[in-house]
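For reference, the structure is listed below as structure tokens.
What follows is calculated from the coordinates using simple rules that are stated; it is not laboratory data. Quick caveat: nothing in here was measured; it's all calculated off a predicted structure.
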Amino acid sequence: MGVLQHIQHQISALNDLVKINNDRIAGYQKALEDTDETNLVLLFNEYIDQSKNYVTELKEYIHVLGGQPTDGTTLSGKFYYTWINLKAAFINKDKHGILTDCEYGEDVIIKAYRKALDDKELIWEDNTVVNILAQQLNGFKTAHDTIKSIRDSIAA
């Protein structure tokens, strides 16, 4: 893989992470529509802001690489959130169900970040981007554990 192809592959991977963060934002915005519980509203808004900040960091690095950042969402994200909307139309969403959906979304984004960090073809030579991705991944893990803890406390 030539240098230009290598950089294009990195830009593509980072744009995929931008898209999945946009999916996360859309998912939490949907979750906000389904709850009026103050603690969840505050938490979901925190995670929306977190992903917006992550998107900004990713886009800045895409510019460093000479790329054009995306503003879209992933195709799978579009299908997933369409499914949530359809499901919500037929099922009365309770707190446990909302949190289960949110936990699933966190699982998806964690998997995407791990894949990007472990992709041997990307060869992240710049520790700056590795640190950004690792920091963001840790943020998602913390969010996942928080969502899971709240959800499990409801089931108990």
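Rounded to the nearest 10 degrees, the angle from helix 38-64 to the longest Cα principal axis of the chain is 10 degrees. Potential lengthening of the chain between residue 142 and residue 12 amounts to 44.2 nm, from the contour at 0.36 nm per residue minus the alpha-carbon distance. When its C-alpha radius of gyration is set against 2.2 N^0.38 Å (N residues), the chain gives a value of 1.10. Taking 21 Å as the limit for the C-alpha separation, the pairs 52/120; 95/148; 95/115; 52/95; 30/148; 30/59 exceed it in the case of 52/120; 95/115; 52/95; 30/59.
Relative to the longest principal axis of the Cα atoms of the chain, the long axis of helix 127-155 makes an angle of roughly 10 degrees. Given their separation in residues at 0.36 nm each and the Cα-Cα distance between them, residue 152 and residue 71 gain 25.8 nm when the chain is fully extended.
Here the gap between residue 60 and residue 130, fully extended at 0.36 nm per residue and compared with their Cα-Cα distance, gives a gain of 23.8 nm. Dividing the summed -39500 (n - 2.57) terms of all DSSP H runs of n ≥ 4 by the residue count of the chain sets its mean residue ellipticity at 222 nm at -29000 deg cm²/dmol.
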